[in-house]
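Working notes, structure below.
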Amino acid sequence: MDFLDSLKDIKKSLEKEQKQSEKPKNKSSKSGVSLKNDLTQLGEIKAQISQVDKDKKEFEEIFLKEEKLIDEFENFIKNSDIKRMK
């Protein structure tokens with residue numbers, strides 16, 4: 001029975017939170033200035049995402065170049081007549 005009681009308590013708290021979130025918001029609280037600030041923040045976030053994408057692409061290019069150089073070096077060593085030192 002304790003489990004059922006705890007579920008009922010959780011349900012009551014969720015209903016209470018939903019009622020609080022459903023209360024009509026005052027339209028004057030979201031003024032034009034606030035909306036402009038939100039749009040500015042959105043633009044900044046988009047710019048940051050764009051920069052992260054550019055950085056990611058640069059790192060991928062560097063990684064691919066590194067892999068290519070490693071492969072070329074390994075092939076050079078395999079095909080050369082260099083004797084290993086013992």
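The values are calculated or read from the model by the stated rules, or taken from the named source; none is laboratory data. Values in this document were obtained by computation on a predicted structure and should not be read as measured data. SASA here: full protein model, heavy atoms, side chains in, ligands and nucleic acids out. Shrake-Rupley method; radii C 1.70, N 1.55, O 1.52, S 1.80 Å.
Descriptive notes on the structure:
- The residues of region 20-32 that are open to solvent by 100 Å² or more (accessible area, probe 1.4 Å) and modelled with pLDDT of 70 or more, listed by number, are Q20, E22.
- Between I45, I10, the distinction of being more than 30 Å from the chain's Cα centre (by Cα), β-branched (V, I, T) and at pLDDT 85 or above belongs to I10 only.
- Among residues that are of a type outside the set (F, W, Y) and modelled with pLDDT under 90, E17 is included.
- Summed over region 54-81, the residues that are open to solvent by 90 Å² or more (accessible area, probe 1.4 Å) and under 20 Å from the mean Cα position of the chain (by Cα) give a count of 6.
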